[in-house]
Structure formats: C-alpha cells, structure tokens
Amino acid sequence: MNLLLALHSTPERETTSVFVTATFVVAAVLFVLALKWLSAPKTARRGNIAGEIGMAAAIIGALLQYHVVSYEWIVVGFVIGGLLGAPMAIWMPMTAVPQRTALSHAFGALAAALVGSAHYYLFDLKHAPPPHIIMAFLCLEVLLGGLTFTGSLMACGKLQEILPTRPIVWKNQNVYNLAILGLAVLCGIALTAHPQASWLFPILLVLSVTFGVLLIVPIGGADMPTVIALLNSYAGLSASMMGFVLGSKLLIIAGALDGASGFILSVIMCRAMNRSFTNVLFGAFGQPQASSAAASEKKTVRSIAPDEAAQILDAARNVIVIPGYGMAVAQAQHKVRELYDQLALRGIDVKFAIHPVAGRMPGHMNVLLAEAEIPYDRLAEMDEINGDFPQCDVALVVGANDVVNPAARHDKSSPIYGMPILNADKAKTVIAIKRSMKPGFAGIDNELYTLDHTLMLFGDAKVVLAGVAKELSENGR
Ligand code: NAP
C-alpha cells in the first residue's frame, strides 16, 4: 500500500482516469462474454481468450489507477507467480485439473485474506477508524478468504491423495464446525461494531482458517470437484468483498461473476448426481461400502479380447461410445478417435454419450474428445441420447463406471440412488473397457458388468482401443 500514492488533480490525471475507467469497462464486458462463450464447446476457446484479454486490461487499469512509486515488488510477484503458474499449466495432466483449480482458489483466497488484513492494520484505528459498513465487508472478505484458503488446500490434498480421501468423521462434528463458524461470525459482528477491538482480528483469522480445514476433512474425495466449485464461489465472493473495501468496481463485478458461476456450477453438479448441498457438505459420501464387495464375488463376468470386440463392432449398425474417467486416466481419446474413424469408414453410425459428471470435472469428456477432434455433432447430452439405447447395437463403455451403473435407478440403499445415468444396459450388447472389477469413484460395484449381454474388455483403455482399431484396419473389415 505504501508503494502507491494517489495522483494529484491535474489534466494528466483526468486523462488517466478516463482511460482507467475505459479499461475496466472493457474488462468487465470481456469477463461476461468469456463466461457466456465458455458454456459451449464450440466457443470455449474464444471464451478463454476473452477472459485472458479482460484480465490483462484489468491489470493494466489497476496499475495505471495509482501512481506506482516502485514496480520492483510488483515485478517480483509477477515473476514468482509466472514461475509457479506456467509449469502447472504446461505439465499438469488433464486428470489433475481439479486439484490445480483448488490450488488457484487457495492462492486467490489467501491474497484476499492478506489484502484485507493489511488494510485493517493500515487504518488509524484510534483517530480515524473505518466506517462500519467497510469493516463489515472487510470481515467477510477475511472470513471467506481464510476458510477458502485452507479449505482449498485440503481439497487439493485429498484429490492428490496426499491426505486420506475417505471422509474423516468424528462425533458431533457438524455441531463443532457450526460453533466455530458461529464464533467467527460473532467476531466479525463485534469488529464491525467496534473496529478498534483489534485483539479480535487475529481470532477471526484463526477461526476462519480452522473452519476451512474442518469443513473439508469430513467430505469424501468423491465430492471434492463439487466442493471445489463451491470454494470457487467463496473465493469470488471474498474478492467481491475486497472490491467494496478497496473501492474497486471491477473487483466487485469480477468477484460477483466468479461467485455466482461457481455456485451455479456446484448446483448443476449436485443435480447431476441427484445430491443435495447438505448431503455433499455434511453427508460423508464415499465411505467404503462393506456389502458391495462381498456381493460381487459371487457374480461371473464374460470377458473378450480386442479381436472379438473388433468383430462385434464391425457387425454393428450403430454404436454409442460412453467415455468416463478411465478414458482420461489412460489418455485414450486419440485411440477413441482412431476407432471412430474405422467405424465411420464402414458407415457405422457412432455417437458419444456425455454424462454431466463423467470424469472428474464438468466438461471433462468434452475437452478430451475435442482434443482428439471428434466432431461436435457426434456428441450428445444424456437426456438427448438416453432414448436411443434400446435401438443401439453396441454401447462401448470406455472407462466409465458410476455414470452407467443401473443401481442408481432401483437400489435405494446405493449411495448413487437417484443419480440420472446413461442407459447403457438397455443397448443390445455392451462392451465395457476397464482394467479390473474395481469400483469407480462412488466405491460401489456395478451390476452392468455382470449382465448377460455385457462383455468385459479388460485392460488399459489406450492399449485395448489401439488393439481394436488395429484389428479393424489390418483386416479391412
Ligand atoms: P468412475 O465411476 O470413477 O469410474 C472410472 C473407471 O475407469 C473405474 O472403474 C476404473 O476401473 C476405470 N479406469 C481407470 N483407469 C483406467 C484405465 N487406464 N483404462 C481403463 N479403465 C480405467 O468414472 P465415471 O463413470 O466417469 O464417473 C464419474 C464419477 O465421479 C461419478 O461418481 C461422479 O459423481 C463423480 N464426480 C464427477 C464430477 C465431475 O464433475 N465430473 C464431480 C464430482 C464427482 P479400473 O480401475 O478397473 O480400470
């Protein structure tokens, strides 16, 4: 803060201020357009570019808004951020994007909490305490920033399996957690009423970071992507509060957009899994299911080799491919493309059924299939394609599990009961590619694999798909 000095009122200042306002308007419009364009695969690339240009405009505007005395620390921050961010963007695999996103939220929220804290301690509390309304926004900024910082680190740790992915639960945990949150809110209210009570500020900070940890550890790894969308929302709200404290309209707008989009995304994800927010946050979903493992031992499965799969596919008139998390793990999207080409050459109608929560993040399958240049018009959303399965000759399941588990329709005791699924079991033949009989993310067995018309094609998706595509191309079938 001491690096910045307000400009004196000069004609030069007037011109700068008009320019700054213009850059902020441009940035705000680009942020809105970015969100709009990011919502469809066709325009997503444009959305990314719009967001990047918007952010560049926002940074330029923010630097010009003040007369920066020394750029040294800004350059140091820029270099450190770049050194951390660039390798993460370049080398982190697609499957690790959720934890990378969690890290970004953690850093963003930490920045908001630190700016809020610095701002508080820069006030002359004795002679010119901050207005109550500013103090209220500042407390909210620090509370949300603190809990999002530690919460996002916990989420990242669980997804990266540095921390145990199972829900860590203890007696009356929700009561303790809510008590800690309640105390933090009380501290905020007291500080708003009496900004001079500076001894309360560190307590508010400690309570908020503690609540962040305790909020996330009881949630299972399976729910982390949804939790991350929610933490995204908190980070956005924290930035918005920071905008009120700093008097930055752009920060208020950008934070509100981030907060709202994160919240909407988590609502969509909860709906797609047929779960409520309370169930995600307090349901301890993902605990090992003792009964399911025992049940699977009794059932038998029929397995086939890649050449047999090639024969079955060759004889089909229409095929629906169902990609899932296993395709992402195996990085099998290019082999899927090779198979698609082979089948399309034979005039076989091939479609791709996309479940809203297949993989580990929204749009995961769309991104991978787009990378392999599968035509967009071949992709169909769940509601659009579910009616086609009874007429489908082969449903080819590529590393998907929970999203095709029929138990979701009828087994009331199943943790995924009620989740809308892709009706792969209704196809005439099902070929399921996976490495073993191990369960998917929800930790439960899948009766699809033991149905009479299901054939298991065991192995890494990339390897077996390469085998099937090779078989088809070599034999010119
Ligand atoms: P899934 O249920 O997690 O199953 C993935 C399957 O892929 C596993 O059974 C695994 O079996 C197989 N697999 C792993 N590596 C493989 C490889 N190299 N080659 C072949 N197969 C491989 O995946 P899903 O059906 O996509 O379902 C997604 C799950 O994540 C749902 O439970 C959903 O609720 C949850 N979720 C998703 C989101 C989201 O935004 N997408 C958010 C929150 C939660 P093997 O180990 O036997 O190979």
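Restricting the stretch 426-447 to residues that are surrounded by fewer than 21 Cβ atoms within 10 Å (Cβ to Cβ) and more than 7 Å from the ligand (Cβ to nearest atom), which is nearest to A222 (Cα to Cα)?
Only one residue tops the list, namely E447.
Would you be able to tell me the number of residues in the stretch 415-425 that are under 13 Å from L448 (Cβ atoms) and out of contact with any Asp or Glu (no Cβ under 7 Å at 6 or more places or on another chain)?
Residues meeting the conditions: 5.
Looking only at residues that are out of contact with any Ser or Thr (no Cβ under 9 Å at 6 or more places or on another chain) and more than 9 Å from the ligand (Cβ to nearest atom) in the stretch 399-414, which one is modelled with the lowest pLDDT?
K412
Determine if the stretch 330-340 includes at least one residue that is open to solvent by 60 Å² or more (accessible area, probe 1.4 Å) and within 17 Å of R435 (Cβ to Cβ).
There is at least one residue in the stretch 330-340 that is open to solvent by 60 Å² or more (accessible area, probe 1.4 Å) and within 17 Å of R435 (Cβ to Cβ).
For the stretch 308-317, state whether one or more residues are open to solvent by 50 Å² or more (accessible area, probe 1.4 Å), at pLDDT 95 or above, in a loop (DSSP other than H, G, I, E, B) and among the basic types (K, R).
yes
Which of the residues belonging to the stretch 45-73 are in contact (Cβ under 8 Å) with a residue 24 or more places away in the chain and part of a helix (DSSP H, G or I)? Give the derivation first.
First, the residues of the stretch 45-73 that are in contact (Cβ under 8 Å) with a residue 24 or more places away in the chain: 54-55, 57-58, 60-62, 64-70, 73.
Correct list: G54, M55, A57, A58, I60, G61, A62, L64, Q65, W73.
Return the total of residues in the stretch 390-427 being among the polar types (S, T, N, Q), within 16 Å of P356 (Cα to Cα) and in contact (Cβ under 8 Å) with a residue 40 or more places away in the chain.
Going through the stretch 390-427 one residue at a time, the tally reaches 2.
Could you check how many residues of the stretch 195-213 are within 20 Å of Q99 (Cβ to Cβ) and open to solvent by 30 Å² or more (accessible area, probe 1.4 Å)?
Narrowing the stretch 195-213 to residues within 20 Å of Q99 (Cβ to Cβ): 209, 212-213.
Restricting the remaining residues to those that are open to solvent by 30 Å² or more (accessible area, probe 1.4 Å) gives 209, 213.
Summing the residues that are within 20 Å of Q99 (Cβ to Cβ) and open to solvent by 30 Å² or more (accessible area, probe 1.4 Å) in the stretch 195-213 gives 2.
Counting just the residues of the stretch 163-180 that are open to solvent by 60 Å² or more (accessible area, probe 1.4 Å) and free of Cβ contacts under 8 Å to residues at least 60 places away in the same chain, which one comes out nearest to G440 (Cα to Cα)?
Looking at the filtered set, the residue picked out is W170.
Are any residues in the stretch 226-240 within 16 Å of the ligand (Cβ to nearest atom) and open to solvent by 20 Å² or more (accessible area, probe 1.4 Å), and if so, which ones?
N232
The values are calculated or read from the model by the stated rules, or taken from the named source; none is laboratory data. Since the structure is predicted, the reported quantities are computational estimates derived from the model, not experimental observations. Every residue, glycine as well, gets a Cβ built from its backbone with ideal geometry; the counts of neighbours run over all protein chains shown. Remember, those area values only see protein heavy atoms, side chains included, never the ligands or the DNA or RNA. Shrake-Rupley method; radii C 1.70, N 1.55, O 1.52, S 1.80 Å.
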